[in-house]
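Below: one structure, written as structure tokens.
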Amino acid sequence: FNDIFGDAFSIPKNVYYIPFDICTIFKEKAIDPDISRELYAKYIGDDKKHHALFDAKIIKACHERLMQHDYYQQQIEKAKELVSIYFKYQFDKGGIPYIEHLLTVADNFDPIIYPQEHILAILHDLVEDVKKFRTNPEVLKEVFGEVIYNGLIAITKNQGEDYYNYLDRVKHNDLALQVKKKD
């Protein structure tokens, strides 16, 4: 490219002389640049693969997700902090810290490719098991946003609720359904 214009100093001002590509951004975000781009982009389309337009759509979808990456990583850390506080002294029937269950369910979802599912899996028992959030779950909406909040509400079994009605409610929220399957 430099040769076309003579040298790097002759390139038009609106063109940067060092090329950046999607791999650069993946590396900057500490994501393996050899990751499946289609999987990362969660791209579903009928396009014929590996022609210029298809590749451009995949790169665009990857770029959009990469721009949200730092936000989701911060949300994952907030979720871990929250459950570590509220489940600190809770243990399952086998005496294992309950937080291990939450993190085990979350480990089913790669936090790079499925960050929302990962966050919901970490939080999935919070509203059901912690009185503070059972009586006021809206505070979680302020912290984690509407998508995670709606998933939390869907995956939370209400006291006295019929189990089959509960499952019916879960299956109408895709995020909650994916987490419940792993729970």
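The values are calculated or read from the model by the stated rules, or taken from the named source; none is laboratory data. Bear in mind that the values here come from a model prediction, so they are computed numbers and not experimental data. Here the Cβ positions follow ideal geometry from the backbone for every residue, glycine too, while neighbour counts run over all protein chains shown. Quick note on the areas: whole protein, heavy atoms, side chains included, nothing else; ligands and nucleic acids left out. Shrake-Rupley method; radii C 1.70, N 1.55, O 1.52, S 1.80 Å.
Annotations
- Residue list for segment 115-135, restricted to those being within 12 Å of the chain's Cα centre (by Cα) and free of Cβ contacts under 8 Å to residues at least 60 places away in the same chain: PRO115, GLN116, HIS118, ILE119, LEU120, ILE122
- Residues satisfying the stated conditions in segment 1-20, i.e. open to solvent by less than 80 Å² (accessible area, probe 1.4 Å) and closer than 30 Å to ILE112 by Cα: ILE18
- In this structure, ILE153 qualifies as open to solvent by 50 Å² or more (accessible area, probe 1.4 Å) and either in a helix (DSSP H, G or I) or out of contact with any Asp or Glu (no Cβ under 6 Å at 6 or more places or on another chain) (or both).
- Failed item, numbered, when GLY160 is tested on (1) open to solvent by 80 Å² or more (accessible area, probe 1.4 Å); (2) at negative phi; (3) not in a helix (DSSP H, G or I): (2)
- Filtered by the rule that a residue be under 22 Å from PHE109 (Cα atoms), in contact with a helix residue (DSSP H, G or I) (Cβ under 8 Å, 6 or more places away or on another chain) and open to solvent by 90 Å² or more (accessible area, probe 1.4 Å), segment 21-63 gives a lone residue, ASP32.
- Pairs are defined by a Cβ separation below 6 Å, a sequence spacing of at least 6 or placement on different chains, a first member in segment 68-89 that is within 13 Å of HIS118 (Cβ to Cβ), and a second member that is part of a loop (DSSP other than H, G, I, E, B); the pairs so defined are HIS69/LYS29; ILE76/PRO111.
- Scan of segment 17-45 for residues that are among the polar types (S, T, N, Q) and outside any helix (DSSP H, G or I), ordered by number: SER36
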